[in-house]
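The values are calculated or read from the model by the stated rules, or taken from the named source; none is laboratory data. Fair warning: this is a prediction, and the values are worked out from it, not measured in the lab. Positions of Cβ are backbone-derived with ideal geometry, glycine not excepted, and every protein chain shown enters the neighbour counts.
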Amino acid sequence: MNRFICKIRTPQGQITKIEMYENDKITCIKKLKRNGMTPISVDKKFSILPFINFDKDTKKQKKVTSKIHTRKRRKIKFKKDIDVNISNKVSITELRRFTQDLYLLKRSNFTSSKALITIVNNTKNTYFKGVINRLLKDVETGKFMYKTMSEYTNIFSPVYINFIKTGELTGNLEEYLKHATNYLEHEEQIKEKIRTDLMPSIVAFFGMIIAIILSTLFGIPVIEKIVQTNNRMVELPGITVAIMKIIDYIFDFWFVIVILILILVIAIIRYINTDKGKYKFDHFKYTNIIFGKITYLIEFSRVIKSVFLNLQSKMRIQDALEISKNTITNTYMISKVEDAINNLYVGKSWIPPFEETKILNSIVIEMMKKAEKGDLWRTLGKTIEYLDEEIETQIDVLLKRLADISHVMIAITLLLFLVVFLIPSIQLFLGGFLFI
């Protein structure tokens, strides 16, 4: 009896490998097809120990095969020796395609269950297909989709879930699927701009810092060694001598520095895990000089967009804010939304809590005040358009700021190279002729 490694596609669309012990390749293929599998490749493997009794292995293989093809509840059971590589990652492009398809099918008067059945048959991502099957199963039992989606936060963001929740609860799912599609397109555009424009600058910025640290740590000891082995008396610049002493201390007491850094990191993490620490850390995300403002604008824009869509469903402004605070996780922003809700309940304006942050510019504040006094829904729509333009502007400002910082870092690097490396090298070459 021969050993075969079979690469197969299961009836549920998953690709895996199994071992089979049969007399020939044709028998393997027939058995696989008889059990509903699609053979991709069947390769014969020669055993190093031909005297092994394969009867037990054959029984084991039959047991594994029967487990794989059990169709109760449409699930697959795998033994430990079967290697299946299933990624649990779903890209924003795949989610947008799912949302578009669901929107188009709902517009064509498909029921939610029929639409999900149609979509799952056209989904290639195995993990996402399993999630959609879970959605289908829950919908068929009368459960709302948004409740199931909330269990898969690695796929569906709070903003997306809020769209589906509002659409299902108001009976206007089709309209909110359209809004969800637009939201995903906008998020994809922002991420693409950050990925193509912002990330290279960030990488260059931190790369420059690392280059300075490494060149200082490993370059200065080399200069010091050359000076010590040189017979001529050479007076080095004061800054070079000072940096050499600092480097010596770092190398002598590196373990103390590492321990102190670890203690500091652990203390910071423990503090952030407290309610007060998390609040202050979330506030810092909005107030730091480099990324603070753009982070605030993106999350504030999400809140206002959610409020805008909820107002379209004839909600009260306080109810719209209550639902919209679930679209974010930043405790500082959530506290401002709650302050706005409390103001509305006591008859005050809901805008001052956001105005007090002093992060939004005066144009946004004035547009919101005008929306509160007049046509709330329409003016908020214009405010959202302005916020989108402001986000684009802030990305450009951040790019320019990072470029300026990079230039400063380059200047510091060149200065260090001149003072720490070039001048000592000249001193050594000239035998101390050059006086600095």
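Whenever a residue of region 316-336 is in contact (Cβ under 8 Å) with a residue 60 or more places away in the chain, its partners that are in a loop (DSSP other than H, G, I, E, B), lying with C-beta atoms within less than 9 angstrom and at least six residues away or across chains, give the pairs I323/M315; T327/S157. Flag set for Q100, criterion: crowded, with 16+ Cβ neighbours inside 10 Å and modelled with pLDDT of 80 or more. For region 131-180, filtered to residues that are of a type in the set (G, A, S) and within 21 Å of the chain's Cα centre (by Cα), the residue that is nearest to F110 (Cα to Cα) is A180.
A quick yes/no check of all residues on (1) of a type in the set (D, E, K, R); (2) at pLDDT 90 or above; (3) over 15 Å from L416 (Cα atoms); (4) over 43 Å from the mean Cα position of the chain (by Cα):
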residue	(1), (2), (3), (4)
T229	no, no, yes, yes
P237	no, no, no, yes
K245	yes, no, yes, no
D248	yes, no, yes, no
W254	no, no, yes, no
I259	no, yes, yes, no
L262	no, yes, yes, no
V265	no, yes, yes, no
Y271	no, yes, yes, no
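Against the numbered list (1) surrounded by 15 or more Cβ atoms within 10 Å (Cβ to Cβ); (2) among the small types (G, A, S); (3) modelled with pLDDT under 75, A180 comes up short only at (3). Here T357 meets each of (1) under 30 Å from the mean Cα position of the chain (by Cα); (2) surrounded by fewer than 19 Cβ atoms within 10 Å (Cβ to Cβ); (3) outside any loop (DSSP other than H, G, I, E, B) with one exception, condition (3).
Taking (1) at pLDDT 85 or above; (2) of a type in the set (D, E); (3) under 20 Å from Y183 (Cβ atoms) in turn, D388 satisfies each apart from (1). Checked against the criterion of being more than 18 Å from H179 (Cα to Cα), within 30 Å of the chain's Cα centre (by Cα) and either at pLDDT 85 or above or assigned to a helix (DSSP H, G or I) (or both), region 344-354 has at least one qualifying residue. Within the set Y279, Y286, Y296, the sole residue that is surrounded by fewer than 18 Cβ atoms within 10 Å (Cβ to Cβ) and within 20 Å of P352 (Cα to Cα) turns out to be Y279.
Of the residues making up region 105-133, those that are crowded, with 16+ Cβ neighbours inside 10 Å and of a type in the set (K, R) are K106, K129. Exactly one residue out of I250, I268 is in a helix (DSSP H, G or I), aliphatic (A, V, I, L, M) and touching a residue at least 24 places away in the same chain (Cβ under 8 Å), and it is I250. Considering Y332, Y279, the condition of being in the same structural domain as M368 (by TED's automatic domain parsing) and touching a His at 6+ places or on another chain (Cβ under 9 Å) is satisfied by Y332 alone.
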